[in-house]
Structures are given as C-alpha cells and as structure tokens.
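Single-structure report; data block below.
The values are calculated or read from the model by the stated rules, or taken from the named source; none is laboratory data. All figures in this text were calculated on a predicted structure; none of them were measured in a lab. Please note: Cβ atoms are built from the backbone with ideal geometry, for glycine as well, and neighbour counts cover all protein chains shown. These area figures cover heavy atoms from the full protein model, side chains too; ligands, DNA and RNA do not enter into them. Shrake-Rupley method; radii C 1.70, N 1.55, O 1.52, S 1.80 Å.
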Amino acid sequence: MLIVAAGGGAITCTPTRDVTITAKMNATVTEPGQAVVAADKLAALTASFDPDARVTITATDTAATITCSNSSSRLASIPEAGLPTMLAIDTEIGRVDLSAADLLRLLEPLAAAGTEKSRYYLCGICLQSIDNDLVATGADGVRLLRAAVKAAPFSEGRDLIVPYEGARLIARLIRQTGPDTITLRRSKRLLSVSAPRFQLITRLIDHVYPDCSALIPKPSPNAVTCSRADLLGGLRRLNAVAGSEAPLAALQWREGEPLRLYLAREPDNTDSIDAKATGGVQIALALSPLISMIEAFACERLQLETDAAGPLKIIGEDMLGLLARNAWSFQP
C-alpha cells in the first residue's frame, strides 16, 4: 500500500495486478511525504483501534510508525519499485453517471456468476446498454440473474465483463463510503469506478459474453405470485431438515391453492405458503442454488413462472432470474 501525505489530506493507493484502489481521507499533514507498507498488516493493525480514534503515521526510509493513544507499532517499508503497476484509463470509450443505489442493484447478479476457471468469461458480470437501460447479467450455466436500471448509453457490446473480485470490491466500497453518485468510465481493457472518496480501476475479462437474451422464456400461463420472505423462509426450513447432501426442492401450485414446497426425495418434509396462482405445475430444482437466487432479490413479492420443460423464471421489480430444472418423475 502506498500512502501519500500532501496538501490538506492523505491518499492511499492499493495496487494489485488486476485492481487499483485509490482512497482519499481527511488528515492533518505535518510534513508531506509517502511510504509503502504491507496493506494486510496495516489493515489488521488499524482494525484493532476504535473507529473514531486518531492515528498518526510517521515514515522514514526504512519504516513507518503507527501511533494511536498508548499504542505504537512499526511496519517495515517496502521499496516502491516492488509495487505492481498502477492501472489507469488511457483511451476512454464510455462514461456514465449512476446513483450509488442503481450501481448496487447492477451488482446483485454477481450472486449467479460462475466460478469454473474453464469458463472464465462467466466468472463476473456483464454490463451492456440495451435501449434506455444499463443491464447487468450474471450466469453460471445453471443460474442466471439479470438486473436493469435507466441510464445513458455506456457500452453497447457484450465485452464489458467485470471480474467477480472487482465487482465485490466495488460493492464493498460503496457500502462503506456511502456516496450519492458514481461515475463509470471504461477503456477496452479497464473499468474505472469513481466517487468523491475513492476510485477503483479493474481489469476486464477479455472475452465476449454469451448472448443470454434467447434463453429467457416467454411469459407462461403457469405462474404464481407470493411473498419473497415467505418463500425464502419455507425453503430455508426445508434446507434445515434435508437429509441428502444435494437436496431437491419440489414446487407445486394450482389455481386457487397455496404454493406447496417439499423435498423431492423426502416428501414428508413439506411447507406451504399463501400465493396467487394460475395454471398448474410441478418442478424440481436444486435447493441451495434456489435459495441463493431468492436471496439475491430485494423486492417484497416475486412471480414464479415455468412451462412443461423449461427453467424456473423468477421475476422481481428490477431483476429477473432463471434456474434450470432437475429431472424428476414425481411418481409415488
């Protein structure tokens, strides 16, 4: 971590090979200067202090001394030449301003992003301008989550893929610093996320994201609307009593009846919740991915749809999800 004291404040830069984070903070600068120390050690040290405590950092060519109240600690300096290269946007090809709430909403599909290195292009979220929306998609081949917010044109193609770790850090910084607005800028290889107190630049995944639009089923007459909290509670209860390592959740609804939830392999474990249903269907789904999908939504009510053979479509206020069904005979 590079710490720079200058003017009326201090700036910290934490570069890695794939991400550079620059943070600004209020500080009293007695003498301008800079120091490079191990970021993990400094973070662990300062985390032990009271959040409102005043910390003094004094640096020499060989070490930095961190003083707080009755505590004084010394961290060895690291040669600045040993730092990774700071990432910087060179040729800007897109820019858009968003509210912090909208950007957090666009990061929610990260819950469905892939983790298999063989399909590295799915290990993040894709941001794409479609009509008057900025759309974020996360998918792993079994799950898909898509969120959209109104925004000016920013990136028309499907080549803006934000890696999982970069997206996670962006969400964390927004929640910690609480900005009102965020500026996104991009080049061919990099994405910059800027707010008054921080800037994060991350490398993009060098690939073209699959076109997921064709995967989204048309509206189905087999639909049910229910409380998200009730559905999540019922699924968690089934998960708590499941005896198998990879339990299957069965969902069943008919017009005029509640939504029935049970374990496909253990049908004595059952739950039902109030719902408004049309049509009728039974569908089996992997329980753990279904729970993580429902957790990603923030709205009060959800609509579930499916046909005879397609995936489960989950519709919220600003987000859409797909979860592939599992083969199950539903015979006694």
(request) Scan the stretch 62-95 residue by residue and report those that are within 30 Å of LEU184 (Cβ to Cβ), of a type outside the set (A, V, I, L, M, F, W, C) and open to solvent by less than 70 Å² (accessible area, probe 1.4 Å). (result) PRO84, GLY94
(message) Test of understanding: among ARG254, ARG265, which residue is more than 30 Å from MET25 (Cα to Cα), open to solvent by 20 Å² or more (accessible area, probe 1.4 Å), touching a Leu at 6+ places or on another chain (Cβ under 7 Å) and not β-branched (Val, Ile, Thr)?
(response) ARG265
(request) Could you please give the count of residues in the stretch 81-98 that are part of a loop (DSSP other than H, G, I, E, B) and hydrophobic (A, V, I, L, M, F, W, C)? (result) 6
(request) Take the stretch 277-311 and flag every residue that is open to solvent by less than 20 Å² (accessible area, probe 1.4 Å), within 26 Å of LEU134 (Cβ to Cβ) and in contact with a Gly (Cβ under 8 Å, 6 or more places away or on another chain). (result) MET293, ALA296, PHE297, CYS299, LEU302
(request) Mind counting the residues in the stretch 22-80 that are of a type in the set (Gly, Ala, Ser), touching a residue at least 40 places away in the same chain (Cβ under 8 Å) and not in a strand (DSSP E or B)? (result) 2
(message) Take the conditions of a type in the set (D, E, K, R), touching a Pro at 6+ places or on another chain (Cβ under 8 Å) and under 29 Å from LEU204 (Cβ atoms) and apply them to ASP40. Does it pass?
(response) no
(request) Scan the strands (runs of 3 or more DSSP E) fully inside the stretch 268-332 and keep the ones with 3 or more residues being among the small types (Gly, Ala, Ser). (result) 280-286
